[in-house]
Amino acid sequence: MKHLLGLERDQTREGLFLCQQKYAKGLLQKFGMQDYKHISTPMELNAMLRSYEGKDLEDTSIYHQLVGSLIYLTLTRPYISFAVGVASQFMPNPKKPHLEAVRSILRYVKETTNFGMLYKKGEAIKTIRHCDANYAGNHNTRQATTSYVFHLGLGLIYWCSKRQPTVSLSTTEVEYRAAEMAA
């Protein structure tokens, strides 16, 4: 089996390589982005997207389809998860600046269509966990966002980025809650 549900599997001497190259190229073609110039990052550094800024979209279904497709693409591209997570926060009422942010993610995907995840053979199998949070990082609600990842050997097996349920009063409290969520 080499291809299943948009996932491509390739067994090499180094290990197992998973990617979604065909899916990514199809996504670019479906939304007419194959001729756009590629960019080197999925989202501008310190981008300030707010729920109330910008004009309403005439048809929000395109935004919903784009974000849903990008969520599926994060299966083998966890490095776009943050940008896709930010874009998904505006699903109830997307505006033109939000659509432009999603299109910039697609322009980045164009640059990285052959990227994927490699699970190497012969690596020591141990679980590695990392977690972090940003204090009052959401500009609309002032809630912190917790992110954590789990590796088995060198292979990534789980990642999550979600808004903390309450507003914290200090960075220490935010980091404590992040560690608690990851545990």
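The values are calculated or read from the model by the stated rules, or taken from the named source; none is laboratory data. If you're wondering where the values come from, they're calculated on a predicted model, not measured in any experiment. Here the Cβ positions follow ideal geometry from the backbone for every residue, glycine too, while neighbour counts run over all protein chains shown. Heads up: the accessible areas ignore ligands, DNA and RNA and are worked out on the full protein's heavy atoms, side chains in. Shrake-Rupley method; radii C 1.70, N 1.55, O 1.52, S 1.80 Å.
Structural remarks
- Proximal aspartates and glutamates to Lys95, defined as alpha-carbon separation beneath 18 angstrom and excluding residues fewer than eight positions away on the same chain: Glu44, Glu53, Asp56, Glu58, Asp59
- Listed by chain and number, the lysines whose C-alpha is less than 17 Å from the C-alpha of Lys37, apart from same-chain residues fewer than 8 away, are Lys25, Lys110.
- Three-way shape label, the range 82-165, alpha-carbon gyration tensor, a/c 1.5: oblate
- With the charge dipole of the chain set up from +1 on Lys and Arg Cβ and -1 on Asp and Glu Cβ about the Cα centre, the Cα lying farthest toward the positive end among the listed residues Leu18, Leu49, Ala101 is that of Leu18.
- Gain on full stretching of the segment that runs from Glu173 to Ile62 - 0.36 nm per residue minus C-alpha separation: 36.1 nm
- For the chain, a crude dipole built from +1 on the beta carbon of Lys and Arg and -1 on the beta carbon of Asp and Glu, taken about the Cα centre, is about 420 debye to the nearest 20.
- The length gained by stretching the chain between Asn93 and Leu5 to full extension, at 0.36 nm per residue less their Cα-Cα distance, is 28.7 nm.
- Ligands, DNA and RNA left out, the 1.4 Å accessible surface of the chain is 55% carbon and sulfur atoms.
- For the set Glu58, Glu175, solvent exposure ranked by accessible area (probe 1.4 Å, protein chains only) runs largest to smallest as Glu58, Glu175.
- For the range 27-69: rounded, prolate or oblate by the Cα gyration tensor [a/c cutoff 1.5]: oblate
- Tensor-based shape of the chain (alpha-carbon gyration tensor, a/c under 1.5 rounded, otherwise prolate or oblate): oblate
- Peptides 29-41, 108-120, 77-89, 11-23 ordered by packing proxy, namely the average of other Cβ atoms within 10 Å per residue, highest first: 77-89, 108-120, 11-23, 29-41.
- Residues Thr146, Thr141, sorted by accessible area with the largest first, give Thr141, Thr146 [1.4 Å probe; ligands and nucleic acids excluded].
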